[in-house]
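Notes for the one structure printed next.
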Amino acid sequence: METVELKVEMVAIHEKRVRRCLSKIKGIEKVEVEGTTQKVVVTGCAHRNKILKSLRRSGLKAELWSAHNEILLNAYAAGGYGGSGGGSSGFGINHFSFF
């Protein structure tokens with residue numbers, strides 16, 4: 001039994017599409033979809049390339065989940081990106097505020 005973690009760019013309406021797509025692959029026992037983090041965890045005996053290929057064929061942008069994705073997610077949740085730069089409300093990059 002193998003667990004494969006994927007990053008799939010989706011909105012709420014794509015969750016059902018992801019589940020339906022992956023349910024057609026033989027050997028997959030469980031699919032967990034976290035829409036807020038765009039993370040999909042697949043458990044079963046299917047090869048990761050076969051899973052990626054199936055998602056991409058259905059029109060979804062998918063890649064294997066990496067440690068870089070986890071770092072970005074934690075930084076975003078902590079307020080490291082976005083409007084926290086410089087204290088003003090606006091568009092901020094690397095602690096410089098624009099607008």
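The numbers here are math on the coordinates, done by the rules we state, and not lab data. Because the structure is predicted, anything quoted here is derived from the model rather than measured. Because the Cβ atoms are built from the backbone with ideal geometry, glycine has one as well, and the counts that use them run over all protein chains shown.
From the residues in the range 14-45 that are touching a residue at least 40 places away in the same chain (Cβ under 8 Å) and of a type in the set (A, V, I, L, M, F, W, C), which one is surrounded by the most Cβ atoms within 10 Å (Cβ to Cβ)?
Within the range 14-45, the subset touching a residue at least 40 places away in the same chain (Cβ under 8 Å) is 14, 17-18, 43-45.
Next cut, of a type in the set (A, V, I, L, M, F, W, C) only: 18, 45.
Working: Val18: 22, Cys45: 11.
Out of the qualifying residues, it is Val18.
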Subset of the range 15-63 that is within 12 Å of the chain's Cα centre (by Cα) and assigned to a helix (DSSP H, G or I) - its residue that is farthest from Thr3 (Cα to Cα) = Glu15
Among (1) surrounded by 14 or more Cβ atoms within 10 Å (Cβ to Cβ); (2) closer than 21 Å to Leu72 by Cβ; (3) out of contact with any strand residue (DSSP E or B) (no Cβ under 8 Å at 6 or more places or on another chain), the one test that Val11 misses | (1)
